[in-house]
Each structure stands twice: as structure tokens, then as C-alpha cells.
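The values are calculated or read from the model by the stated rules, or taken from the named source; none is laboratory data. The structure presented is a predicted model; accordingly, all values stated were derived computationally and were not measured. Cβ coordinates were reconstructed from backbone atoms using ideal geometry, including for glycine residues, and neighbour counts include every protein chain displayed. To get the accessible areas, we keep the full protein, side chains included, count just its heavy atoms, and leave off ligands, DNA and RNA. Shrake-Rupley method; radii C 1.70, N 1.55, O 1.52, S 1.80 Å.
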Amino acid sequence: MALRAVVRGLSELCITAGILIVLFVVHLLYWTGLRADSASDNEIDRLHERWAAAPRDGSAAADEGRAGAPSRREREQRGRDGETGPAGGAGERRAGRAQQQPYRDGRSFAVMYIPRFGRDWSKPVLESTGEQTLRRGLGHYTRTARLGGKGNFAVAGHRRTYGDPFKDFPRLRPGDPVVLTDGDTWYTYTIVKRPYRTLPGDTGVLDAVPAPVNKAAAPFTGPGRYLTLTTCDPEWGSSHRLIAWGRLDATRPASEGSPGALTR
Amino acid sequence: MYGWIWRHLPGNVWVRILISTVLVVGVVFLLFQYVFPWAEPMLPFNDVTVDGAAAPAAGTAPGGLV
């Protein structure tokens, strides 16, 4: 009788463990996705509400005046770097306003669109790359440049689970637009290289001028306004990271409607 | 284990089925709401950032920077 009880107990334990594992997989594959999608939609809705409640276009002129000195300096700087491009006025205006509204930890401040990932692919960008933040959208590396600012605007996102935002990351190709808006301005970055695969400790990829361990993979030679996207690789693993770089190609006031890259 | 629980539930068969269902739903809720979100960061799917601190001590990096 005692043997029978032991066998029964063990069997029940195994069945329980099996059910637990199945439930955990369901949680990972479906539940986190459902939760993350609704959290992302909430963040985007909240952003749109905030932008609608406090239209910042009206204050642009005043800010431009205040930002006059730094932007002149930036222009000279750019002249020295020999860099030209349409990434002009709005970006500098933003840079001038940067000190006034620091991004708040865990708060969303922009929406990202990547047409390569699908017409209706849009995700909120939140400040910080903490665990809780990345469950609600993409995370901006706190120590990197601001959106549209001089330097490197770096963003991390989940490849799998929590809505799979960067599932199609390896499909990014040079020339792909990555469009962001902060409610004030549309920023169109253009991917310059195929995704670069590296090790998790390769923090140089986030530098103002990205400096990956593999020197040959360095996408830029001089300072500029850059974008870095990071996610994990392989899809379900964590041994490596995938990195994509872009450069700011165009800015456009939000009042003029969404840029061409989104309507094509 | 399950037999023991069943024997100790009160009422007739239908009441027991009802109570069992409630118990199962409660356990699943607790798992999805608290246990799985706690266990999930120990798996590798969260490591999407490039960070020097995350390389050797992935699970223990402060602030969840893994």
C-alpha cells in the first residue's frame, strides 16, 4: 500500500510540473504579448492625449530664440565636421529645448514607426531600459542622446515575448526609414547598414559616434545625429545582440502631417 | 495529493466540482499575475540591451539592465 501511495504521489507531481510548464509557455507566448500590446496602445493613446492637451508648436518660436546661441554653435561644429544634410532646424530647436524637459524614467515620450516591420507597426518609446519599461514598449538608453539630438539616440526592444516588437529585426536593410515623432516634430532616420551581430558587452555601439568592437563594422566616421536600435540574438537566446544604425535624414513639423516614408 | 484535496472538500459532488474549479482558476491567476512575471526575467528573452554590466552577471544586474 505504501508503494502505491509513493507512485501515485510521484505521478501527480510529474503531471503538476508538466501543467506548470505548459502554463508558463502559454504565459510567455500569448499572455505577455496581449499585455504588452494593450500597454503599448495605452502609452500611445496617452501620448496623443498629452500632445493634444498641450500643443507645443505655439511655443516653438520662443524656444528658437532661446536656442539661438547653441544652434549657431552647432552649425559651426557641423561645418567643421564637413557634414551636411537636411537634418536642420527642428532638430536644433529640439536640442535647444532639451534642457527644459528631461525625459522622465519609465515615461513614454515618442512613437516609433518602422514600415519594414509592417504598415501598422508602431511602438511607444519610453525612457530607460529597465525590465518594467521594456514590458510596455521600447526603451531609450538613458545616457544616450535625445531624439533628433546631436549624438546617438539609442533604443532597445524585445525580440521575442512582450509583443515581439523587434521580431523582424534581421530584415532591416540599408535605406529603410525609421520614423519617430515626439508630437512636435517628425524625425526620419535611415538605416545605413544591415544589422550587425555582436556580443552583449560591446557597449561602444552606443557611443555618440558608434564604435563597435569590430572596427570594420563602424557605420560612421564623424559626429552626427544617429540612431541605434538593439535587440537580442538568436531570437530566443541571449548570447548575442543585433544592432542597427541609422542617420537622421529629415525633420518635419508635426503640423505638416506625417512624412512620406509612412504614406508610401 | 489531488485525491486528498477532493476527499477534504465539503458538500456533494457538484459543490466539490464548483470549489475545485474556483481553486484551479485562483491558482492560475496567481501564477500569471505574480509567479510567472517573477520567474520570467531569469530566462534569456529579456536580454535585449547592450551593457557592460549585463555580460557576466546577467541575472543580477541592478535595475534590471539585462
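Quick rundown of the values:
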{"item": "The range A:116-222: C-alpha gyration tensor shape, a/c 1.5 cut-off, then a/b vs b/c", "result": "rounded"}
{"item": "Most to least packed among A:197-208, B:18-29 [average Cβ atoms within 10 Å]", "result": "A:197-208, B:18-29"}
{"item": "Minimum 20 Å² accessible area buried by the other protein chains, the range A:226-248 residues, probe 1.4 Å, relative to alone", "result": "A:Cys232, A:Trp236, A:Ser238, A:Arg241"}
{"item": "3J(HN,Hα) from dihedral phi, the range A:215-230, Karplus parametrisation 6.51/-1.76/1.60, rounded to Hz, x for glycine, proline", "result": "4, 5, 8, 4, x, 10, 9, x, x, x, 9, 10, 10, 10, 10, 10"}
{"item": "Peptide-level mean, for A:152-159, of C-beta atoms on other protein chains within 10 Å", "result": "2"}
{"item": "Inter-chain Cβ neighbour average for residues A:28-38, partner chain, 10 Å", "result": "1"}
{"item": "Solvent-accessible area buried by A and B, counting both chains, probe 1.4 angstrom, square angstrom", "result": "2700 Å²"}
{"item": "Point-charge dipole on Cβ atoms (K/R +1, D/E -1) for the range A:143-184, about Cα centre, debye to 20", "result": "240 debye"}
{"item": "Fraction of alpha-carbon pairs over 11 Å apart in the range A:8-55 - percent", "result": "73 percent"}
{"item": "Charge tally in the Cβ shell below 13 Å around A:Gly201, where Lys, Arg are +1 and Asp, Glu are -1, A:Gly201 excluded", "result": "-2"}
